[in-house]
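Here's the structure, in structure tokens; my notes come after.
The values are calculated or read from the model by the stated rules, or taken from the named source; none is laboratory data. Bear in mind the structure is a predicted one, so any value in this text is a computation, not a measurement. For neighbour counting, all protein chains shown are included, and Cβ atoms are generated from backbone atoms with ideal geometry for every residue, glycine included. Please note that ligands, DNA and RNA were not included when accessible areas were found on the heavy atoms of the full protein model with its side chains. Shrake-Rupley method; radii C 1.70, N 1.55, O 1.52, S 1.80 Å.
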Amino acid sequence: MKSFNAETRRLGPGSLAQLPVDVERPGYERAQLRPGIVHLGIGAFHRAHQAPVTDMALSATGDLRWGIIGVSLRSPDTRDALLPQDSLYTLSLRDTDGSGAARETLSVVGSVLRVLVATEDPGAVLAQIAHPDTRIVSLTVTEKGYCHEPATGRLHRDDPDIAHDLVDSDTPRSAIGMLVHGLARRRDVGLPPVTLLSCDNLPSNGDTLRGLVLEFAGLRDPGLAEWIAAHCTFPNSMVDRIVPRTTDADRQRIAARLGAVDAWPVVGEPFLEWIIEDRFVNGRPAWDQPGGARFVEHAAPFEHLKLRMVNGPHSALAYLAASAGLDTVSQAMANPALHDYLDALIREEIAPTLQSVPGVDLAALRKRLLTRFSNAALPHRTQQIAMDGSQKLPQRLLGTVRDRMRAGAGYQRLALALAGWMHYLRGHDEQGKTYPIQDPLAEAFQARLAAVGQGSDIDDIQRARALISYAPVFGDLAGCEELIIEVARHATVLRQQGVRAAAGAAVRLF
Ligand code: CS2
């Protein structure tokens with residue numbers, strides 16, 4: 001029996017030595033770690049990939065210039081939880097063994113030095129971006145954090161935070177505003193440029209970020225836009241690791257194993273793929289450790305593949321499963337109709353659009369993905385993935401629809417995914433349980449749907465038309481009558497017979 005009291009001992013530098021031997025911990029002199037990276041959006045996703053891979057690099061090389069200053073864009077929760085732990089936290093990687101029993105490995109990550117809260121002190125964020133030691137500014141701010149129009153990738157200039165940041169350079173609210181005003185300070189005092197590394201699920205995320213930063217900077221000061229364009233780099237990257245929101249059950253289980261309370265652990269799957277273009281203007285950590293990142297010349301093909309093969313099916317499943325009242329991805333995968341629908345969707349309609357990506361075994365990728373989604377040791381809530389559909393659908397599903405249409409190929413199962421999204425927007429599941437629609441464009445959709453009826457086949461067509469004519473999401477597919485009819489056809493089956501029947505019918509298509 002262990003002799004400590006897990007209720008009172010807190011994870012921190014003082015408790016590291018007492019952790020069980022099977023818990024990995026930083027293999028470097030943490031007191032010597034200097035900040036070299038500012039990371040905007042220090043949520044679970046970052047703390048489950050970039051921060052632990054930075055930890056690996058620090059341990060392997062002893063080059064301690066790459067500590068991370070995290071920035072929370074809104075809530076102080078992460079800072080408040082990590083402060084008493086000197087920013088140490090646990091990464092838990094979970095899956096099941098051959099018998100279906102859960103297994104878990106724990107490691108304590110030390111690469112995060114401190115967390116700033118942008119809403120409390122935006123000046124501190126600007127000062128950190130403009131600090132001489134800062135060499136990389138990275139981001140995981142989610143799709144909507146880019147304040148851009150999903151269909152075109154253009155800056156959403158009417159966004160209240162962007163509008164504010166265009167006139168106020170001292171208290172920025174948006175990630176783009178923070179970057180541009182921070183870079184302006186660097187240029188003004190003659191500091192070297194930095195690399196801006198997006199790790200979000202966006203197509204060509206580096207190029208997209210560059211476009212937005214230059215557009216914003218150009219509106220403020222064309223000379224600054226020229227300086228950024230000439231000196232800073234924006235490598236594209238692709239990150240793939242499933243990281244659900246941490247629950248109280250996770251915290252309790254991890255505390256029991258550590259023998260110390262960690263208020264802010266992260267939980268993910270063992271699988272990780274992080275691919276980055278090696279274009280860093282001011283150095284970078286040796287992230288290419290075994291089990292870490294891979295540097296490539298062009299990341300866009302990997303990103304394209306991942307958005308379509310991983311995130312597309314994820315969203316498709318999430319809308320249908322949440323509408324059916326299924327809480328987690330693995331529960332949804334245990335449903336034969338949904339499992340087989342997803343399999344058919346990937347095999348018949350998504351994978352054929354990706355033949356040109358070199359050296360990829362699409363069938364193996366599909367099988368691996370179905371196993372990853374079935375990971376019952378990692379409860380990933382379908383509602384979490386269903387969030388922000390307006391920002392996700394274009395790169396996850398609509399590009400694939402476009403390619404299938406152009407090739408004159410069927411896209412019925414993709415259309416069911418869109419019908420699933422429309423069904424989900426009703427705001428209640430098949431058991432009548434209501435849920436909020438979390439999406440920056442929720443009001444726009446609700447207003448469009450409120451104007452049409454609900455309950456007949458004709459209503460289904462009108463509802464599909466109301467949504468699919470919305471150009472900021474659907475781009476050149478907006479108003480496409482062929483797509484509207486196809487989506488409405490599935491919507492009718494969903495309304496009359498439910499999710500399982502609709503998924504079952506979509507498996508049998510050929
Ligand atoms: C998910 C992703 O929440 C979502 O929308 O589809 O976060 C997904 O888990 C990751 O991209 C997997 O790499």
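Numerical summary
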quantity	calculated
Condition met for residue 369 (touching a residue at least 40 places away in the same chain (Cβ under 8 Å) and touching a helix residue (DSSP H, G or I) at 6+ places or on another chain (Cβ under 7 Å))	yes
Members of the stretch 367-382 that are closer than 28 Å to residue 149 by Cα and open to solvent by less than 40 Å² (accessible area, probe 1.4 Å)	380, 382
The stretch 432-460, subset more than 25 Å from residue 321 (Cβ to Cβ) and out of contact with any Lys or Arg (no Cβ under 7 Å at 6 or more places or on another chain), residue most open to solvent (accessible area, probe 1.4 Å)	458
Residues that are open to solvent by 10 Å² or more (accessible area, probe 1.4 Å), in contact (Cβ under 8 Å) with a residue 24 or more places away in the chain, away from the ligand (no atom under 16 Å from the Cβ) and outside any loop (DSSP other than H, G, I, E, B), drawn from the stretch 396-412	402, 403, 404, 405, 412
Residue within the stretch 485-508 that is under 22 Å from residue 149 (Cα atoms) and in a helix (DSSP H, G or I) present	no
Residue 30 modelled with pLDDT under 95, on the phi < 0 side of the Ramachandran plot and surrounded by 15 or more Cβ atoms within 10 Å (Cβ to Cβ)	no
Pair list, Cβ < 9 Å and 6+ apart or interchain, from the stretch 308-333 residues that are at pLDDT below 95 to residues that are away from the ligand (no atom under 12 Å from the Cβ) and among the hydrophobic types (A, V, I, L, M, F, W, C)	none
Candidates 85, 50 - the one that is assigned by the TED database to the domain that holds residue 198, under 20 Å from residue 245 (Cβ atoms) and away from the ligand (no atom under 16 Å from the Cβ)	85
Residues that are over 27 Å from residue 129 (Cβ atoms) and in contact (Cβ under 8 Å) with a residue 60 or more places away in the chain, drawn from the stretch 15-59	15, 16, 18, 19, 20, 22, 23, 24, 25
Residue check, residue 364 closer than 16 Å to residue 310 by Cβ, away from the ligand (no atom under 16 Å from the Cβ) and either open to solvent by 40 Å² or more (accessible area, probe 1.4 Å) or touching a strand residue (DSSP E or B) at 6+ places or on another chain (Cβ under 6 Å) (or both)	yes
Conditions (1) within 14 Å of the ligand (Cβ to nearest atom); (2) under 24 Å from residue 424 (Cα atoms); (3) touching a helix residue (DSSP H, G or I) at 6+ places or on another chain (Cβ under 7 Å); number of the one not met by residue 387	(3)
Pairs where the first residue, in the stretch 69-81, is closer than 17 Å to residue 128 by Cβ and in the same structural domain as residue 179 (by the TED database) and the second is surrounded by 14 or more Cβ atoms within 10 Å (Cβ to Cβ) and among the charged types (D, E, K, R), C-beta under 9 Å, 6+ apart	69/114; 70/47; 70/79; 70/114; 72/79; 73/173; 78/47; 79/114
Selection within the stretch 287-307 - over 24 Å from residue 350 (Cβ atoms), open to solvent by 30 Å² or more (accessible area, probe 1.4 Å) and part of a loop (DSSP other than H, G, I, E, B)	288, 289, 290, 291, 297
Any chance residue 63 is under 27 Å from residue 252 (Cβ atoms) and either modelled with pLDDT of 95 or more or in contact with a strand residue (DSSP E or B) (Cβ under 6 Å, 6 or more places away or on another chain) (or both)	no
So residue 193, is it within 16 Å of the ligand (Cβ to nearest atom) and not charged (D, E, K, R)	no
Strands (runs of 3 or more DSSP E) contained in the stretch 87-186 and holding at least 2 residues open to solvent by 20 Å² or more (accessible area, probe 1.4 Å)	89-96, 102-109, 112-117
Hey, residue 64 within 16 Å of the ligand (Cβ to nearest atom) and not in a helix (DSSP H, G or I) or not	no
Hey, residue 337 at pLDDT 95 or above and within 16 Å of the ligand (Cβ to nearest atom) or not	no
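The rows are residues; the columns are (1) open to solvent by 30 Å² or more (accessible area, probe 1.4 Å); (2) touching a residue at least 40 places away in the same chain (Cβ under 8 Å); (3) among the polar types (S, T, N, Q); (4) in contact with a Gly (Cβ under 6 Å, 6 or more places away or on another chain).
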position	(1), (2), (3), (4)
416	no, yes, no, no
429	no, yes, no, yes
466	no, no, no, no
471	yes, yes, no, no
474	no, yes, no, no
